[in-house]
Amino acid sequence: MSWVRFTKTGVAVVATSAAAMLALDMTNEKRFQRACRHNLLEIAPHLSSPLPIMLPIYKLWQVPYYWSGIKAYDFVSGKRVLKNSFFISKSQALERFPMLKNESLKGALIYYDGQHNDARMNLAIILTAIRHGAACANHVRVERLNKDETGKVTGAHVRDMVTGAEWDIKAKAVINATGPFTDSIRLMGDPETARPICAPSSGVHITLPGYYSPSNTGLLDPDTSDGRVIFFLPWERMTIAGTTDAPSEVTLSPQPTDHDIEFILQEIRGYLSKDVSVRRGDVMSAWSGLRPLVRDPNKKDTKSLARNHIIEVGKSGLITIAGGKWTTYRHMAEETVDKVVEVHGLQTVSGCVTPGLLLEGAHDWNALQYIHLVQDYGMEVDVAQHLSSTYGDRAFVVARMCKMTGKRWPIVGQRLHPEFPYLDAEVRYAVKEYACTAIDVIARRMRLAFLNTYAAHEVLPDVVRVMGEELGWSSAEQRAQLEKARTFIDLEMGQMAKQTAVSNAPLNLTKEEMQRAKERFHQLDKDRKGHITVNDLRKHFREHNQKIDERVLHELLNEVDLNKNGEIEIAEFFQLYSGLKGGQLTSNRLVGYLDEIHGTPSVNRACGDKKKPEGHYPPAPQAPPPPATVFRK
């Protein structure tokens, strides 16, 4: 078995000391990453853009320390630097990031990094490859590698995970580029000699409302309580925060834990103003991603992890590319293909052609394209901006698939959810781009599951209906797709972790609040059964002349039914109100309806660090005087 480790220039470097080698390697690495980042901005400008990142400074000695490091980062980038970094004063930092904690703040450093739509970038690469002659398949799993009589890999036996069909694929060479699943394929190729090299690491991220950060500036905390780096970035009109870093098992369904979510929230609290109440209930979504870190086989210490990618040529001829990162994906692919050509003696027409090759949607795109969508098709501005920044010049194809709304404005573009710019036409377009399941759409095309789990649940029926029309799903298949997608949202997108946080939170209600909550419970449970059913909710709303859709009734019950037995028990009712008071929940629709019907709320809600007196509620604000009594100068 032979291992290949490349330098970025392809040149072997000899240094007189380990420190000199490390410094040279780090400098070359930063320069190379900046070049790759610049390439991403060129080949997919609609999907990637520079983002200013703020590094707040609370100790004077940190100013020259971080300043020198960031300026060295700019220097090694040369002409490829996105924008030069700079220092700003305390007042400028607070003006740019008003939510920042101002106590002891000395100022901040601003540097620029690249931000992109990772899921759409992945799809753009696949679609571009298809347009250049590649054959791609979605939801297909390798069952085994086929070999000839000498033990050399000649292809793979695969299975379609949607239809169950199986077949063989013949190939002159097979490349293993499977991320955290690297070792499972390596063992198929060389079961006797392959030793595990992948060390998956779990990183949890959370999504918070957009008001947690300014729309054009991110925040980086390089010195958390346990030494990990926490970032705080604007993303899709929301705020994304993370990340944790812990060893993980390889799984197709990584799940965030409430412990990791609380760690991120606690670190955020240390950097934001005390006037901003960072609540567990503000977490709209949470997920865990697996980083496919690899052990460096050239080091005796098997625990050492390689910072870059590694290419392995197995005895069976299987080529494995492992490690690396998003920024350097194109160069990783180039080096891997070069190694395949070398090892297997393949003939090529020319050298690598991918540097500067525009990806799907980039050819005729420009930053003002969304205005044409508004003017030519009658779309809302935020919808047009979303389509332009997601599909590039293919946004016009999606626009032509939109149906009339029947309204004066917008003329076309039926939203799936009123809070987000996603359209029902995008579901149909996603099917044309190889989406096979409802999860493909809500998570890997629209990102709604990553932005707001409640909204993702709410749009699922419409997503499944549209996909059913396009793919000819039976009623049974549509129900199965709904169930799988709901399970995905609950387990992998943090919805269950939020319910766990509410369930595990200690009851913090006073006797008076518990009594009022109990009275509310009995207003619904008039038969004193000890639980509330959908029929109880339906009857209560009818008695108070409230017309509630049947689907909404089930949603109201499900949001409070923590143990998922189809009923709301008194303990769950207490837990609901306790969660609202403690901040594990920010709102609840059932409580909102009850407050609207019966008036005075049952508990004080969590709001900042200042607690209201128990059992005391301020009087309702006075109505403004009539216009005739308003005096103007």
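The values are calculated or read from the model by the stated rules, or taken from the named source; none is laboratory data. In this text the structure is predicted, and so the values were computed from the model without any measurement. Methodologically, a virtual Cβ is constructed for each residue, glycine included, from the backbone with ideal geometry; neighbour enumeration extends over all protein chains shown. Remember, those area values only see protein heavy atoms, side chains included, never the ligands or the DNA or RNA. Shrake-Rupley method; radii C 1.70, N 1.55, O 1.52, S 1.80 Å.
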Handout entry: Gained length - Leu105 relative to Ile371, 0.36 nm times residue gap less alpha-carbon distance
Key = 91.7 nm
Fill in the blank from the handout: Rounded to the nearest 0.05, FRET efficiency between Arg408 and Ser587 (Cβ-Cβ, R0 25 Å) equals 0.20
Completion exercise
Of the residues Val502, Ala93, Asn138, the Cα lying farthest along the dipole of the chain towards its positive end, which is defined by charges on the beta carbon of Lys, Arg, Asp and Glu, belongs to Ala93
Completion exercise
Exposed chymotrypsin sites (Phe, Trp or Tyr not before Pro) being those in a DSSP loop with at most 11 other Cβ atoms within 10 Å, the longest stretch of the chain free of them is 62-630
Fill in the blank from the handout: If R0 = 60 Å, then Leu41 and Glu512, at their Cβ-Cβ distance, give a FRET efficiency to the nearest 0.05 of 0.55
Problem - Positive-end residue, the chain charge dipole about Cα centroid, Cβ charges, pick of Val229, Gln414, Asn563 - result: Val229
Exercise for the section: Return the carbon/sulfur percentage of the accessible area of the range 470-581, one whole number, probe 1.4 Å, all protein chains in place. Expected result: 49
Exercise for the section: Take the Cβ-Cβ distance between Leu357 and Gln92 as r, set R0 to 51 Å, and report the resulting FRET efficiency rounded to the nearest 0.05. Expected result: 0.80
Practice task
Find the relative contact order for the range 368-498 and round it to a whole percent, using C-alpha pairs within less than 8 Å whose residues are 6+ positions apart.
Solution key: 17
Completion exercise
Expected vector for the range 376-381, Karplus 3J(HN,Hα) from phi with 6.51, -1.76, 1.60 and θ = phi - 60°, integer Hz, x for Gly and Pro, equals 7, 10, x, 9, 5, 4
Handout entry: Size of electric dipole in the range 368-498: Cβ of Lys, Arg +1 and of Asp, Glu -1, about Cα centre, debye, nearest 20
Key = 120
Fill in the blank from the handout: Counting sequence-distant residues (5 or more places) and residues on other chains, those with an amide H built under 5 Å from that of Gln115 are Ser49, Leu51
Practice task
Please determine, in degrees from 0 to 90 and to the nearest 10, the orientation of helix 570-582 with respect to the longest principal axis defined by the Cα atoms of the chain, where the helix direction is its Cα long axis.
Solution key: 70
Problem - Spacing of the two label points (7 Å from each Cα toward its C-beta) at His598 and Glu249, in nm - result: 4.5
Handout entry: Rounded to 10°, Cα long-axis angle of helix 475-492 versus longest principal axis of the chain
Key = 90
Handout entry: Linear extension gain, Asn216 paired with Arg159, 0.36 nm per residue minus alpha-carbon span
Key = 16.1 nm
Exercise for the section: Can you send over the carbon and sulfur percentage of the accessible area for the range 346-408, probe radius 1.4 Å, protein chains only? Expected result: 54
Problem - Per residue convex hull volume, Cα atoms of the chain, in Å³ - result: 226
Practice task
With the Cα gyration tensor of the range 368-498 in hand, give its eigenvalues times 5 under a square root as the equivalent ellipsoid semi-axes, listed largest first in whole angstrom.
Solution key: 26, 16, 13
Exercise for the section: Report the paramagnetic label zone for Lys315: residues of the range 148-191 whose backbone N is under 15 Å from a point 7 Å from Cα along the Cα-to-Cβ axis. Expected result: 148-153, 186-191
Practice task
For Trp365, list long-range residues whose amide hydrogen, built 1.01 Å from N in the peptide plane, is under 5 Å from its own amide hydrogen.
Solution key: Asp393
Exercise for the section: Evaluate the relative contact order of the range 505-598 (contact order divided by residue number), counting alpha-carbon pairs under 8 angstrom at least 6 apart; express in whole percent. Expected result: 35
Fill in the blank from the handout: Summing -39500 (n - 2.57) over every DSSP H run of at least 4 in the chain, dividing by its residue total and rounding to the nearest 500, the 222 nm mean residue ellipticity is -12500 deg cm²/dmol
Fill in the blank from the handout: Under 19 Å by backbone N from the virtual spin label 7 Å along Cα-to-Cβ at Arg465, the residues of the range 538-554 are 548-554
Exercise for the section: Please express the shape of the range 505-598 as an equivalent ellipsoid: the semi-axes are the square roots of 5 times the eigenvalues of the C-alpha gyration tensor, given largest first in whole angstrom. Expected result: 20, 14, 13
Problem - Residue-by-residue Karplus 3J(HN,Hα) for the range 201-206, coefficients 6.51, -1.76, 1.60, Hz, glycine and proline x - result: 10, 8, x, 9, 10, 10
Completion exercise
Magnitude of the Cβ-charge dipole (Lys and Arg +1, Asp and Glu -1) of the chain about the Cα centre, nearest 20 debye, reported as 1340
Completion exercise
Among Lys170/Lys432; Lys71/Lys101; Lys529/Lys564; Lys498/Lys581; Lys79/Lys339, the pairs whose Cα-Cα distance exceeds 21 Å are Lys170/Lys432; Lys71/Lys101; Lys79/Lys339
Exercise for the section: Can you tell me the 0 to 90 degree angle between the C-alpha axis of helix 118-131 and the longest principal axis of the chain, rounded to 10? Expected result: 50
Fill in the blank from the handout: For the chain, the per residue accessible area (1.4 Å probe, Å²) is 51
Practice task
State the extension gain, in nm to one decimal, for the chain segment bounded by Met401 and Ala129, taking 0.36 nm per residue of separation less the distance between their alpha-carbons.
Solution key: 95.5 nm
Exercise for the section: Report, ordered by chain and residue number, the aspartates and glutamates lying within cross-link reach of Lys90, taken as a straight Cα distance under 15 Å and ignoring same-chain residues fewer than 8 apart. Expected result: Glu103
